[in-house]
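Pasting a structure below so you can have a look.
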There are 2 protein chains.
Amino acid sequence: MLRMMTFSILILVGGMGSPAALAEANPLPSWNPTLAKQQIIQFVQQTTAQDSPQFVPVAERIAVFDNDGTLWAEQPAYFQLLYAVDQVKALAELHPEWKTQAPFASILKGDIEGVKQSGMEGVMKLVMATHANMTTEQFSRSVERWITTARHPGTGKLYTQMVYQPMLELLNYLRRHEYKTYIVSGGGSEFMRVWVPQVYGIPAEQIIGSTIKTEYKLREGEPEIVRLPEIDFIDDKEGKPVNIHKIIGRRPVIAFGNSDGDLAMLQWTKAGTGPRMSLLLHHTDAEREWAYDKDSSIGHLEKALQLADKEQWIVVDMKQDWNQVYPR
Amino acid sequence: MLRMMTFSILILVGGMGSPAALAEANPLPSWNPTLAKQQIIQFVQQTTAQDSPQFVPVAERIAVFDNDGTLWAEQPAYFQLLYAVDQVKALAELHPEWKTQAPFASILKGDIEGVKQSGMEGVMKLVMATHANMTTEQFSRSVERWITTARHPGTGKLYTQMVYQPMLELLNYLRRHEYKTYIVSGGGSEFMRVWVPQVYGIPAEQIIGSTIKTEYKLREGEPEIVRLPEIDFIDDKEGKPVNIHKIIGRRPVIAFGNSDGDLAMLQWTKAGTGPRMSLLLHHTDAEREWAYDKDSSIGHLEKALQLADKEQWIVVDMKQDWNQVYPR
């Protein structure tokens, strides 16, 4: 009832010249008028118009987005890894042993490829050395300092300026149609919660990511939550639908990813009954961003791209479908 | 902007005779006009009035509720345990070995005390035998059959009729003031998600509980999520603030519990900066419900009650503060 009133007010006050009406006239201005854009708009209209046979009730309108490579860039390495690298450099004086230990030695020599080649084991060591053994508040402050000052080695931009303008528009468009937008990312929940709410308009409780174990304890009578050097859950691959089911408790209507790490999430979403839309962003634009898929370890995309056609996922071609990449 | 418009419309259309205005005139009719009710109403007014020094922005208005013993009854045993007991009885023919194995043998002899005495180990065996090795959909259907037909051994009511009317009113009152209401319970997330949305008006994604591990896999090309016989997380005691931090990502403004299992959650909530309210329901009404605290293994309440005064938690006395227990 409340919702319906709100809706009619919007129509009343929102004449053709209002921002709301303008936004609806061309809801995705950074998207070229190609098939992908048409399919997205058609899907949203069909699932949100009261009289549509494809209508989805508001409570069921869940849209999940991968983060790295889907909402913001991820080259030459996941940005959270670059945060860890910067932390290692800052902490190196306290850890003389790092000069000879992988992956720390590679970092101190400025050899990012060496870090990537140290594999999962190396990355875990790096994460534990830089993300654990502190309170959640100390960690958040550290991320905040970094995200507001550090600059990308290639573009010189703040990392939060390397989010994708077309995706910001899509998030807003979906929310105007009462879709609840979630992030479901392999990145860390607590890393994302520092900056995601302001940058994407997605609140803390709609950010799902990988987690390390934490411990609740009292220190001088004051309760605190401490981050432990132990993995709790890796929110990647099959972990994505598992976590969606565990935390959201319903199957999404829309899922958007860009790599094989998103394959299971796209598959799980699309296999639901009723209207479902799964989308895959293909990085094809070496000029404005990066062009990569099956030969990249970061954002590796191979199986998902092969399956896309058969599974009826929409493949968004960055070069062809977007007229703008980063916000101006 | 949208919210403000909605609000003014409510005032416009909501003259003194409307349901909304009546609800606000006496928002908690099943609560006696005692101190607890006054403190609750005062806190909600002070945290939601725009011009109040205690004002809390809508995005921060998180209220968390324990379930067993806080929103519905929990005697003579947690209702989810009674579900497991009923499942064991139904499956007994397929498991002749249960006749001599604890805790199954106790169940088959109708000895609930024996089940409770089998301790955590017994309960875990019971949970694994009745809650795992099936898809999430099979489990949900099983819970649905039970919750819509099974009756409480003492009252003869459906279990969903043994929710507390004063708490239903409080949930609604908080939501009208744009508090987001969550459940944070030791009970199973998937058990609760079957019936909680309809009964309490709390959506699936705001239900946090204990979980067992699950596995995503393809069966004949169709993805499914299978429940494994392995504990993932026990959402009790220190696990409650840990899970609140992990899943909601912010500290609640209001927390409501009834046992020592809620102590850490009440403490974590109240220790936040700005206005916070922690409440403890004390089961004091042997006539209309049950009277129990430190001598009960179910809903054991001892340390939290001792701490309540010092920590400035509001203790709700069921017998004194509620004029009605179950919905009529």
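Read the figures in this text as sums done on the coordinates, not as results from a lab. Source: prediction; values computed, not measured. Here the Cβ positions follow ideal geometry from the backbone for every residue, glycine too, while neighbour counts run over all protein chains shown.
Counting other beta carbons within 10 Å of each Cβ, put A:L307, A:L279, B:L28 in order, fewest first.
Numbers: A:L307 16, A:L279 25, B:L28 22.
Fewest-to-most ranking of A:L307, A:L279, B:L28: A:L307, B:L28, A:L279.
Quick one: compute the contact order of chain A, relative version, from alpha carbon pairs under 8 angstrom and 6+ residues apart, as a percent.
In percent, rounded to a whole number, it is 21.
Evaluate peptide B:246-252: per residue, the Cβ atoms of other protein chains within 10 Å of its Cβ; return the mean as an integer.
6
Calculate the FRET efficiency for B:R288 and A:K319 from the Cβ-Cβ distance with a Förster distance of 51 Å, rounded to the nearest 0.05.
For R0 = 51 Å, the calculated efficiency reads 0.15.
Determine the calculated [θ] at 222 nm for the protein assembly as shown from helices alone, applying -39500 (n - 2.57) to every DSSP H run no shorter than 4 residues and normalising by the residue count; nearest 500 deg cm²/dmol.
When only DSSP H runs of four or more count, the value is -11000 deg cm²/dmol.
Between B:G239, B:G154, B:G187, where does the largest GNM mean-square fluctuation fall for chain B, given springs only between Cα atoms within less than 10 Å?
Most flexible of the set in this elastic network: B:G154.
Over segment B:213-328, what is the mean sequence separation of C-alpha contacts under 8 Å (at least six apart), divided by residue count, expressed as relative contact order in percent? Intermediate values should be presented prior to the final figure.
On the way: 164 pairs, mean separation 22.5, N = 116.
For segment B:213-328, the relative contact order is 19 percent.
Separate question: From the label point of B:K303, set 7 Å from Cα along Cα→Cβ, how far away are the matching label points in the other copies, in nm, ordered shortest to longest?
Inter-copy label distances (nm, one decimal, shortest first): 4.5.
For peptide B:217-226, what's the mean number of Cβ atoms from other chains within 10 Å of each residue's Cβ?
Taking all residues of B:217-226 together, the mean is 3.
Which of A:H245, A:H152, A:H95 moves the most in a Gaussian network model of chain A with Cα springs under 10 Å?
Residue with maximal mean-square fluctuation among A:H245, A:H152, A:H95: A:H95.
So how do A:V196, B:V242 line up by other beta-carbon neighbours within 10 Å, fewest first?
B:V242, A:V196
Can you figure out the FRET efficiency of A:D51 with B:A59, using R₀ = 22 Å and their beta-carbon distance, to the nearest 0.05? If you can, show how the numbers build up before the last one.
Values: r = 33 Å, r/R0 = 1.50.
According to the calculation, E is roughly 0.10.
How would you rank B:63-69, B:115-121, highest first, on the average number of other Cβ atoms within 10 Å across their residues?
B:63-69, B:115-121
For the pair A:T135 and B:Q198, what calculated FRET efficiency results from E = 1/(1 + (r/R0)^6), where r is the Cβ-Cβ distance and R0 = 41 Å, to the nearest 0.05?
Result of the calculation: an efficiency of 0.55.
A further question on this structure: Remind me, relative contact order of segment A:79-147 in percent, using alpha carbon pairs under 8 angstrom and six or more residues apart? Mind showing how you got there, number by number?
On the way: 46 pairs, mean separation 21.5, N = 69.
Rounded, it is 31 percent for segment A:79-147.
According to the square roots a ≥ b ≥ c of the eigenvalues of the Cα gyration tensor, what is the shape class of chain B, taking rounded for a/c under 1.5, prolate for a/b larger than b/c otherwise, and oblate for the remainder? Please list the in-between numbers first.
Values: a/c = 1.86, a/b = 1.57, b/c = 1.18.
Since a/c reaches 1.5 and a/b is larger than b/c, the shape of chain B is classed as prolate.
What whole-number distance in Å separates the alpha-carbon centres of segment B:227-276 and segment B:111-178?
Each part reduced to its Cα centre gives a spacing of 20 Å.
A further question on this structure: How much net charge surrounds B:T269 when only the other residues with a Cβ under 9 Å from the Cβ of B:T269 are counted, with Lys and Arg +1 and Asp and Glu -1?
Combined, the nearby Lys, Arg, Asp and Glu give +3.
Sticking to Cα atoms, compute the Rg of segment B:79-147 to one decimal and its Dmax as the biggest Cα-Cα distance, whole number, in Å.
Over segment B:79-147's Cα set, Rg and Dmax evaluate to 11.5, 31 Å.
Put a point 7 Å out from Cα along the line to Cβ at A:Q198; what are the distances to that point in the other copies, in nm, shortest first?
Label-point separations across copies, in nm and ascending: 4.5.
Distance from a point 7 Å along Cα→Cβ of A:L218 to each backbone N in segment B:266-301: keep the residues under 12 Å and list them by number.
Backbone N within reach: B:267-268.
Can you tell which of A:F256, A:F233, A:F191 shows the greatest fluctuation in a Gaussian network model of chain A with Cα springs below 10 Å?
A:F233
Considering only the label points, 7 Å along Cα→Cβ from Cα, what distances in nm to one decimal separate B:P29 from the same position in each other copy, shortest first?
Sorted ascending, the copy-to-copy spacings read 5.2 nm.
For A:237-244, what's the mean count of beta carbons from other chains sitting within 10 Å of each residue's beta carbon? If you can, show how the numbers build up before the last one.
On the way: counts 1, 6, 1, 1, 5, 6, 2, 3.
Shielding by partners across A:237-244 averages 3.
In chain A, what percentage of the DSSP-assigned beta bridges are antiparallel, given to the nearest 5?
So the antiparallel bridges in chain A amount to around 45 percent.
Here's another thing I want to ask about it. Can you give me the Kirkwood hydrodynamic radius for the protein assembly as shown, using every pair of distinct Cα atoms, in Å to one decimal?
Values: mean 1/r = 0.0372 Å⁻¹.
Taking the inverse mean of 1/r over all distinct Cα pairs, the protein assembly as shown comes out at 26.9 Å.
If you don't mind, there's one more thing I want to ask. Counting DSSP beta bridges with both partners in the protein assembly as shown, what percentage is antiparallel, nearest 5?
That works out to approximately 45 percent antiparallel.
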